[in-house]
Amino acid sequence: MLRIESAISGVSVALVVGVCMQVAGAQTAGAPPAARQSATRRPQATSATATPSAGPSRELFDKYCVTCHNERTKARYANLALDKIDLADVGAHAEVLEKVVRKLRMGQMPPEGLPRPDAAMVDAFATSLETALDRAAAAAPNPGRVATHRLNRAEYVNAIYDLIALRVDGTELLPSDMAGFGFDNNAEVLSITPALMSRYITAATKISRMATASADNRPITQVYKVGFERRDQRAGEDLPFATQGGVAVRHTFPLEGEYAFTLRLKRNGTVSTIDGIEEDEHEIELRIDHALVKRFRIGGKFKGPDPGVLIAVPEDDSAGQKVHDYRMNADKELEVRLPIKAGTRLVSAAFTDSAPAPPINSARQGQTRDGQLPGIDMLYIAGPFDGKPTNDTPMRQRIFICRPAGSRDEEPCARKLLTPLARRAYRRPVNDADIEPLLAIYREGRTAKDFDAGIERALEALLSSPKFLIRVEREPAGLGPGTLYRLTDLELAARLSFYLWRSIPDDELLDVAARGQLKDPAVLTHQVRRMLADRRATRFMSDFVGQWLEVRNIQSKNPDIQLYSSFDDSLRKAMTGETELFFESQVREDRPLQDLLRADYTFLNEQLARHYGIDNVYGSHFRRYTLTDERRRGLLGHASVLMTTSYEDRTSVVLRGKWILENVLGAPPPPPPPAVPPLKENDRAKPTSLRARMEQHRNNTVCASCHARMDPLGFALEHFDAIGKWRENDLGAEINSTITLSGQSVDSPKAFREALLAEGNGAFVRTVTEKMLTYALGRGTTYADAPIVRQLVRDVARNDYRWSSLILGIVKSGPFQMRAAPAAEPAAPAATVAAR
């Protein structure tokens with residue numbers, strides 16, 4: 001038997017296989033690989049893979065598992081029969097036995113109330129079963145297959161920016177993507193339909209015109225809507241100091257020319273009059289790239305009450321008509337037309353009152369008449385008018401790396417600038433077969449207009465090409481069904497860049513891969529560390545944590561403003577920002593995985609700090625803050641998590657318990673049965689705790705099997721309300737958050753964190769590993785991946801559970817670097833063959 005060595009953070013993982021797979025060469029450009037590492041048919045597991053003397057105990061298995069799960073009783077017990085399983089040949093039953101291992105590790109089997117072996121016996125049996133399964137998997141490795149992968153919306157947006165330095169709004173160009181196994185980069189759900197392809201083509205047309213500063217860019221109006229945000233503080237880091245409220249956007253001006261800027265202000269939801277202009281005059285500054293371009297003044301012109309608010313103003317009351325018209329339409333004067341140079345620029349508008357009115361209780365409601373503040377509702381940017389093309393934009397500088405001196409130089413120049421663009425976009429070296437179709441389209445545009453128009457047409461074709469939009473990993477010719485083979489260095493580079501940067505490889509990574517050096521473990525380690533240190537890695541960190549923890553769903557949450565009057569969109573943004581900054585710091589500082597639940601710091605701005613009851617934090621900018629309050633430590637103290645797992649008008653122990661089972665412990669409950677009765681609403685006259693009202697679930701035998709485990713996990717967080725604020729009672733009813741977990745009493749957030757970290761023999765680390773592997777591969781994990789997950793966990797443990805160890809381990813693992821050819825189709829019955 002020969003070995004394949006894969007160094008993971010200095011630890012070698014040996015997969016025993018029947019034939020050694022060696023590197024035969026790199027992929028040739030633009031065609032299926034002619035030379036690869038030699039491939040081998042996947043060996044079949046045999047009973048020889050398990051040593052009977054060291055194998056799992058048949059006696060314990062029969063006594064505690066088969067007693068219920070057998071052919072005679074399986075209908076009553078999850079339709080699972082274990083009596084026919086041969087523990088000496090675990091490879092033949094790996095799918096079922098991996099489920100057994102997971103149940104044992106989580107303490108879910110045998111069920112409570114039935115005879116159980118002691119913890120040491122369970123651990124010994126589970127360990128021996130895992131060892132046998134790992135040995136069987138090593139003898140018959142199965143790296144799985146990642147389907148052909150369309151760029152999802154986020155990847156497309158990032159790739160456009162990295163390719164031509166143009167920021168685009170993906171939500172305007174493309175529909176959202178479905179999620180598979182919790183992530184929207186899952187290749188199995190990233191299909192492409194004719195309608196979707198049409199959207200990509202339309203997007204390519206818009207992007208190519210904008211990037212090349214084409215004269216075909218016609219005037220359009222872009223609308224930027226401001227949410228229900230606080231109006232009494234600086235609205236973000238892109239706005240000047242000493243401003244309140246406002247909006248800041250990065251807008252791409254495709255041509256040099258005039259653009260119209262229009263502001264519309266927030267209005268009273270009942271009578272549609274403009275907020276906050278009754279008594280005082282207010283000043284608004286419009287800035288482009290931080291430079292003041294226009295100062296507006298509004299308000300205080302007609303003081304006193306508006307007679308048109310309650311009744312219609314009589315026609316002969318000219319003064320009343322003026323007051324009412326001003327309160328309704330004063331912001332129509334907030335318009336200006338300015339000459340702007342082409343490029344992506346920061347446009348901001350904000351109030352600069354030296355002595356603003358006192359803050360209102362809720363920016364969303366705009367409640368009190370005395371001290372109500374005005375706020376910007378929408379920013380309109382229209383243009384270009386009398387636009388002129390220019391060379392002075394980052395996009396054109398990235399694209400036009402040469403300029404033809406005459407007509408003879410045009411096509412050589414076109415080839416010169418299209419070649420590096422195609423190389424980056426197609427993620428590999430390119431040849432004439434790649435460039436000639438682009439040059440043919442260039443010639444059409446050049447004939448119709450000029451050199452720049454030809455490049456615009458060629459860029460449009462490149463950005464709508466399947467070679468750009470779809471990641472294809474080609475199988476070497478002549479492979480038999482199920483044969484394993486290594487990816488080429490260029491395919492590995494693409495996997496790596498879309499994992500860590502959510503985008504295309506840069507020139508350095510492509511150069512290393514094209515030279516066939518990326519397979520070298522030392523070179524690969526260097527590239528991973530370089531990419532993690534790059535700012536582009538923030539994309540994967542924010543994307544992963546937002547989907548893993550489901551906190552990006554906070555955008556669809558709208559808490560009941562009557563119950564939670566302090567909530568607004570500024571607080572929503574702060575909640576998300578805290579979790580993203582916290583997770584990024586964990587990865588960049590290479591902290592232990594467990595610190596996600598126990599870290600003694602977070603990131604706060606003033607509004608979020610006040611929400612948490614923390615003093616002496618001022619301003620809208622985020623800063624690292626050391627927590628002295630044990631209750632807020634780690635992710636379970638983040639308002640983003642707590643609000644995502646609540647309803648709009650109350651907390652939910654079911655949502656929170658289910659969230660912990662799925663995302664912290666990796667043990668999701670089964671779907672609920674049909675016709676589950678709704679939870680009884682709380683009686684405000686005689687309030688009862690949520691815990692008492694939830695008893696109906698645990699008293700129902702159908703519900704109890706899941707809720708007995710799920711609900712206590714949610715009750716442990718019950719002191720946090722539906723928007724993540726700490727509370728001592730629920731509408732007057734006392735809160736009891738004490739639970740029992742694995743036989744231990746848990747009576748505080750600190751005790752709960754410690755209990756979760758100890759649960760299931762390292763279930764949290766295993767869950768993080770599985771989630772990250774799923775995200776990195778772009779496919780769901782299966783029972784066949786369980787051995788590699790266990791190996792990753794062991795390697796991470798030897799390296800103090802550091803993030804670098806996990807990420808490097810995944811990148812150097814078999815599933816990330818290898819692939820299996822499609823399995824053979826089942827043979828058709830003889831009658832069917834004859835019919836054909």
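Every read-out reported here was derived from the displayed coordinates using simple, explicitly stated rules and does not represent laboratory data. For clarity, every value in this text was computed on a predicted model and none was experimentally measured. Because the Cβ atoms are built from the backbone with ideal geometry, glycine has one as well, and the counts that use them run over all protein chains shown.
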For this session: Work out from phi, with θ = phi - 60° and the Karplus expression 6.51 cos²θ - 1.76 cosθ + 1.60, the ³J(HN,Hα) of each residue of the range 279-296, listed in order in whole Hz, and give x for Gly and Pro.
Result: 10, 9, 8, 10, 10, 10, 9, 9, 10, 10, 6, 6, 8, 5, 10, 7, 10, 9
Seminar exercise, completed: In debye to the nearest 20, the charge dipole size for the range 230-272, taken about the Cα centre with +1 at each Lys and Arg Cβ and -1 at each Asp and Glu Cβ, equals 360
Seminar exercise, completed: Using alpha-carbon positions, the gyration tensor of the range 176-235 gives root eigenvalues a ≥ b ≥ c; with a/c under 1.5 called rounded, otherwise prolate if a/b exceeds b/c, else oblate, the class is oblate
Exercise. In whole angstrom, how far apart do the alpha carbon centroids of the range 710-760 and the range 394-410 sit?
Worked result: 64
Problem set entry | Sites Ser57 and Val271 - FRET efficiency at Förster radius 60 Å, r taken between beta-carbons, to 0.05 | 0.20
For this session: Mind computing the radius of gyration and Dmax over the alpha-carbon atoms of the range 441-544? Å is fine for both.
Result: 17.9, 53
Exercise. At each listed q (0.13, 0.17, 0.19, 0.23 Å⁻¹), what is the log10 of I(q)/I(0) that the Debye formula gives for the range 723-799 modelled as equal alpha-carbon point scatterers?
Worked result: -0.61, -0.81, -0.88, -1.03
Exercise. Non-local amide H neighbours of Asp289 (under 5 Å, H modeled in plane, Pro and chain starts lacking H): which ones?
Worked result: Leu346, Val347, Ser348
For this session: For the range 786-796, take each phi angle, set θ = phi - 60°, evaluate the Karplus expression 6.51 cos²θ - 1.76 cosθ + 1.60, and give the result in whole Hz per residue in order, putting x for glycine and proline.
Result: 4, x, 5, 4, 4, 5, 4, 4, 5, 5, 5
For this session: Grab the beta carbon distance between His290 and Thr67, set R0 = 51 Å, and tell me the FRET efficiency rounded to 0.05.
Result: 0.10
Problem set entry | Projected area averaged over orientations for the range 108-212, convex hull of C-alpha atoms, nm² | 12.0
Seminar exercise, completed: In whole angstrom, the spacing between the Cα centers of the range 262-309 and the range 562-637 equals 34
Seminar exercise, completed: About its Cα centre, the range 489-593 carries a charge dipole, from +1 on Lys and Arg Cβ atoms and -1 on Asp and Glu Cβ atoms, whose size in debye to the nearest 20 is 60
For this session: Enumerate the residues in the range 106-128 having an amide nitrogen under 14 Å from the point lying 7 Å beyond the Cα of Asp83 toward its Cβ.
Result: none
Seminar exercise, completed: Taking alpha-carbon centroids only, the range 439-460 lies from the range 220-253 a number of Å equal to 39
Exercise. Are any of the pairs Lys467/Lys812; Lys416/Lys467; Lys467/Lys771; Lys206/Lys573; Lys266/Lys332 more than 22 Å apart by Cα-Cα distance, and if so, which?
Worked result: Lys467/Lys812; Lys467/Lys771; Lys206/Lys573
For this session: Would you list the P(r) distribution for the range 521-649, with all Cα-Cα distances sorted into 10 Å bins from 0 and each bin expressed as a whole %?
Result: 12, 40, 33, 11, 4, 1
Exercise. Whose amide H sits under 5 Å from the amide H of Tyr601, counting only residues 5 or more places off or on another chain, with H placed in the peptide plane?
Worked result: Leu627, Gly634
Exercise. Tell me which lysines have Cα within less than 24 Å of Lys750's Cα, excluding those fewer than 8 residues away on the same chain?
Worked result: Lys658, Lys725
Seminar exercise, completed: Counting only DSSP loop positions in the range 520-618, the chymotrypsin sites (Phe, Trp or Tyr not before Pro) whose Cβ has at most 12 other Cβ atoms within 10 Å are Tyr618
Seminar exercise, completed: Quick note, the range 115-155: a/c under 1.5 would make it rounded; otherwise a/b > b/c is prolate and the rest oblate (a ≥ b ≥ c, C-alpha gyration tensor); here it is oblate
Exercise. For Thr626 and Ala448 in the same chain, what is the full-extension length gain: residue separation times 0.36 nm, less their Cα-Cα distance, in nm?
Worked result: 57.7 nm
For this session: Express in nm, to one decimal, how much length is gained between Arg145 and Thr352 on full extension, taking 0.36 nm for each residue of separation and deducting their alpha carbon distance.
Result: 68.8 nm
For this session: Could you give log10 I(q)/I(0) at q = 0.19, 0.27 Å⁻¹ for the range 211-283, computed by the Debye formula over C-alpha point scatterers of equal weight, without solvent?
Result: -0.98, -1.40
For this session: With θ set to phi - 60°, apply the Karplus curve 6.51 cos²θ - 1.76 cosθ + 1.60 along the range 85-101 and write out the HN-Hα couplings as whole Hz, x wherever there is a Gly or Pro.
Result: 7, 9, 5, 7, 9, 5, x, 6, 10, 4, 4, 6, 5, 5, 5, 4, 4
Problem set entry | Straight-distance crosslink candidates among lysines, where the alpha carbon sits under 21 Å from Lys63 and sequence neighbours closer than 8 are dropped | Lys74, Lys84, Lys99, Lys103
Problem set entry | Loop-located trypsin sites (Lys or Arg not before Pro) in the range 468-532, at most 15 other Cβ atoms within 10 Å (DSSP) | Arg474, Arg515
